[in-house]
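The values are calculated or read from the model by the stated rules, or taken from the named source; none is laboratory data. Please read these numbers as outputs of a predicted model, since none were measured by experiment. Cβ placement follows ideal geometry from the backbone for every residue including glycine, while neighbour counts extend to all protein chains displayed. Each accessible area value is taken on the protein alone, full model and side chains, heavy atoms only, with ligands, DNA and RNA left out. Shrake-Rupley method; radii C 1.70, N 1.55, O 1.52, S 1.80 Å.
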Amino acid sequence: MVPALPLRRLPLLVMAAASLRLVVVATTPPTFPTLSAFPPGGIDAAFEGGNFDPNITRWTSDNTLQYAGRIVCGIASTKCSPYTNWAYFHVSNVSTAHPTTLITLAKMWLSPPWFSYSNGATGRDWVRLNTSTGGVTTYTFAQPSVYIAFSIPYVPSKQQAQLLDDLGPHPFVHPFSVVTSEAGNEVTAVNISTAGSGAPRALVWFQARQHAWESGGSWVADGVARYAASADGVGLRAVADVMVLPIMDVDNVVVGGAGKDQEPVDFNRDWCALGNVARNETGALCQHWAAIRAVVARIGTAMQSGRYDTLIFVDSHSPGNPADPAQVWTECRLGPTAVSPHAWNLTQGYKSLLKKLGGECGRLQYKDWCAEVGPAYGNGNSGFYAMQISFMDLFYRQYPVLMNSPAGRSMSFSHETSAATVDEAHCYGAAIGGAMEQVVAAAHPPDPSGASSVCTGYPDSCHARPPGPTPPPPTPPCPDAYTVSGAGSSDCNGVYRRVPAPSGWEASPYYRKDDTHTLYRYKGTAPGSDFWHLCNPGKYCYYDGPVSSNGAPLPPASGWCSGACLPGLPNATGVSPPPQITPSSVTTLL
């Protein structure tokens, strides 16, 4: 089997399939802490994604096992997710002669557990215990060795690797590394595209596992990828390049963390324009996580390439509640954050198609359930309406013409599913792919009739504006590079490319010409004290004076200071005349 990690980093746009090959490098597999020392009873989770709380999980009688997940997270999380519903462990000595009672002590998102005797890579060996009542399940196992999990696991080294292995023979399938995570894990995606296909076409970006414990979302993404690469997906490949990223929060997935509501910011609350704050309590800046910065940057590069006239961005979730139907979450139809009537009708048409194509998908048969969310969704604790944290809001703002054009097919929405079998998830993934194909390929927008026009709304983020600051104007997209010219300190002139901000600097965006010349916005400690400067540290700096830009999202084209500038700042020591700065088309380094 092809290991999921590491992968050679490939560009987002794959134009010559014959020249691309997946590089396989022998590595030592990661190790995971053994949690079987306490309590006794043949319980362990020493494998990728495994988790149980050793202080709670124990045999309370010969045939009764109580359990819950342990609160754990990746090394870059400042505070772990508080939820303990994700449990995934192995028991080596269950009775085959008498029923075993399993009692989950998790308090939220209760769901009947799943079990497997072999814990295979395909996921089809997992069975759901559908007899649960109030977190208590009784079942007589046929073998003494059994794996128990909240939902069917999906981890990089096993299920994701199986997907890459299965799709590997197709010449139009190209795995690539999106970015290296904060803990050094590869965030891996697969590009399913036909080389040389005509432009313009659609870019479909389908991702999952912003909340690490929602493994069912990865199985739906897995199904989308398999459909797109199949004979049935030839129509979708004819009109779109499909990028599928099964695991976003890989650091929490590998250690068995839940991820949701982690700090400094939840992945799903981090989709806001650079330079803003994603979570006020922690001060986390927007696009805090490397995976999110990389995804936004890659999509930005792709949409500027001239290859695409359509963007379909989808995020897949699966909290696992068996009572929840398959759901589609969209931008708001009404209120101050409403999308255009065309954008609303387009998602309605997509839902109508999904309802027709997904009728055989069992638990994931899509019917009518939908929700509307706006930019403040999920950030209520911060008390600010103006925080733009929804990925849907981000893309509708970043590409307002593209996403709302009456002739366009661009959409951004979220799928949410209950726990389901692998076959049900793959069926739903195929229905999603088929619906996308019909949306993009049709000469006219799909008929929205048949989709529910009444969706659950979130008043604080859709239809009403609670007390609080007025939302700031949308932040313009940051250019990939700037050209500096005319500066008296001539070594300052040249092309500055956008790069990630160095660790510890609250500056974003950040541009660099070489190892010594930088262009960035310094975030001051007091309100209104942000300013841009262009520096060769230790030698000279130009500031954006004499009147501060007060945190303007982009550097000013002119008006740079080469002497006494702003109160509280040292003199700008760059030689006069000051520089002129213009956006450049040079490709970003991200």
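Computed values, structure above
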read-out	value
Those residues of the stretch 48-67 which are outside any strand (DSSP E or B) and surrounded by fewer than 22 Cβ atoms within 10 Å (Cβ to Cβ), in sequence order	Glu48, Asp53, Pro54, Asn55, Ile56, Asp62, Asn63
Count of residues meeting criterion [among the aliphatic types (A, V, I, L, M) and touching a strand residue (DSSP E or B) at 6+ places or on another chain (Cβ under 6 Å)] in the stretch 46-66	1
Contacts under 6 angstrom Cβ, first residue in the stretch 569-580 being within 12 Å of Lys539 (Cβ to Cβ) and open to solvent by 70 Å² or more (accessible area, probe 1.4 Å), partner modelled with pLDDT of 80 or more and in a loop (DSSP other than H, G, I, E, B), 6 or more apart	Val575/Gly488; Val575/Ser489
The listed residue being open to solvent by 20 Å² or more (accessible area, probe 1.4 Å), in contact with a Pro (Cβ under 7 Å, 6 or more places away or on another chain) and closer than 25 Å to Glu416 by Cβ, out of Ile71, Ile148	Ile71
Breaking point among (1) among the polar types (S, T, N, Q); (2) under 22 Å from Gly408 (Cβ atoms); (3) in contact with a strand residue (DSSP E or B) (Cβ under 9 Å, 6 or more places away or on another chain), for Ser305	(3)
Flag for Val173 being over 17 Å from Ile312 (Cα atoms), touching a helix residue (DSSP H, G or I) at 6+ places or on another chain (Cβ under 6 Å) and modelled with pLDDT of 95 or more	yes
Residue among Phe391, Phe395, Phe413 that is at pLDDT below 85 and crowded, with 17+ Cβ neighbours inside 10 Å	Phe391
Of the criteria (1) surrounded by fewer than 18 Cβ atoms within 10 Å (Cβ to Cβ); (2) over 18 Å from Trp219 (Cα atoms); (3) in contact with a strand residue (DSSP E or B) (Cβ under 7 Å, 6 or more places away or on another chain), which one Thr104 fails	(1)
Which listed residue, of Gly349, Gly362, Gly378, is on the phi > 0 side of the Ramachandran plot and at pLDDT 85 or above	Gly362
Positions within the stretch 78-101 being surrounded by 22 or more Cβ atoms within 10 Å (Cβ to Cβ) and farther than 13 Å from Phe52 by Cα, in sequence order	Ser81, Val94
Those helices (runs of 4 or more DSSP H) lying entirely in the stretch 249-366 with at least 3 residues in contact with a Gly (Cβ under 7 Å, 6 or more places away or on another chain) and either within 21 Å of Val439 (Cα to Cα) or open to solvent by less than 40 Å² (accessible area, probe 1.4 Å) (or both)	250-255, 341-357
Every residue from the stretch 416-437 that is within 18 Å of the chain's Cα centre (by Cα) and either at pLDDT below 95 or polar (S, T, N, Q) (or both)	Glu416, Thr417
From the options Ala225, Ala199, Ala189, residue that is out of contact with any Pro (no Cβ under 7 Å at 6 or more places or on another chain), under 19 Å from Pro171 (Cβ atoms) and either open to solvent by 10 Å² or more (accessible area, probe 1.4 Å) or assigned to a helix (DSSP H, G or I) (or both)	Ala225
